[in-house]
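Take a look at the structure set out below.
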Amino acid sequence: MGAAPPADATLLDDLLKRRRTERAGTRRRGTYRVQAQELQRVEAALILEDVRVPVQLLDLSARGAGVRTDAAGARRLEQAAEAGATTRLALELTLPDAERPLQNPARAVQAIADAEGMRLGLRLAPADRESLEAQLLPLFNQRRSLRVSTTGQHSIPVRVLGSDGARIAEAKMVDLSIEGMGIRLESSADMVVGARVNLQFQVGGSREPVDLNAVVRHIHPIGQAHGIVGCAFDPDHPATARARTRVGAFIVRRQLEMRRRQ
């Protein structure tokens, strides 16, 4: 760690000295975070070149995290800072049942020392954020496949096409998970259980539509004019993996927004 840091790099030593005497909570967060018991199931560590410091996750989103070190970890960070480490580091996360840890480039933006060690605020690099959000999705699942409601002000139009590409209907999304979708049709007469359809919709403010093949699993008529149709996405379709990543990222954002308002 003796190499000179880049000219535009912020030294970790400067951050530790500048933030050490600040009281917790004096810096307003720019994004929402999740604080949940699920985070206790995640092993985390800070990586500074060849230094690895285990940490406890305090909160987490795809944009940033709050972590705590013990006294030994705080000393290792201080030693790394004295050796010329910068605030550029990586947050390593080992999710439950994951084959390998995730390493996310990060930058330390806040450091507060206390009797137990040190708390740090991290800003995660924006690269591949949708993929990270999708990988964080299982942390917030309270059931096998988390669904979010998309009715009311969050109503999302869905174009329903047949297997031959012909338009069947224009629908409204009712709920969404990475495994399937509920849609509301003005009439369910043209849909049958077992039919293969193509669903096109937009999420997350992107102009590029999500395009997913699906199978109709159930139909619930509502009076004479409407019906709710449940569709399961086809896991074997070549486009499904990327589309699921985008869907998963949208679900995480919606779930975090709902938690923030609680």
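Where a number appears in this text, it was derived from the coordinates with a stated rule and is not lab data. Because the structure is a prediction, the values reported are computed rather than measured. We place every Cβ from the backbone using ideal geometry, glycine too, and count neighbours over all the protein chains shown.
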## Note on the structure
Which residues qualify? For Ser149, with a placed amide H closer than 5 Å and at least 5 residues away or on another chain, they are none
### Query
So, in nm, how far is label Val193 from label Ile168 when the simple model puts each one 7 Å beyond its Cα toward the Cβ?
1.5
### Summary
Stretched fully, the stretch from Ala125 through Ser155 gains (0.36 nm per residue minus C-alpha distance, one decimal, in nm) 7.7 nm
### Summary
Applied in sequence order to the range 82-87, the curve 6.51 cos²θ - 1.76 cosθ + 1.60 (Karplus, θ = phi - 60°) yields integer Hz couplings, x standing for Gly and Pro, of 5, 7, x, 5, 9, 6
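Kindly provide the trypsin sites (Lys or Arg not before Pro) of the range 154-251 that DSSP labels as loop, not H, G, I, E or B, and whose Cβ sees at most 12 other Cβ atoms within 10 Å.
Working: sites: Arg159, Arg167, Lys172, Arg184, Arg196, Arg207, Arg217, Arg242, Arg244, Arg246; in loops: Arg207.
Here the sparse-neighbourhood loop sites are Arg207.
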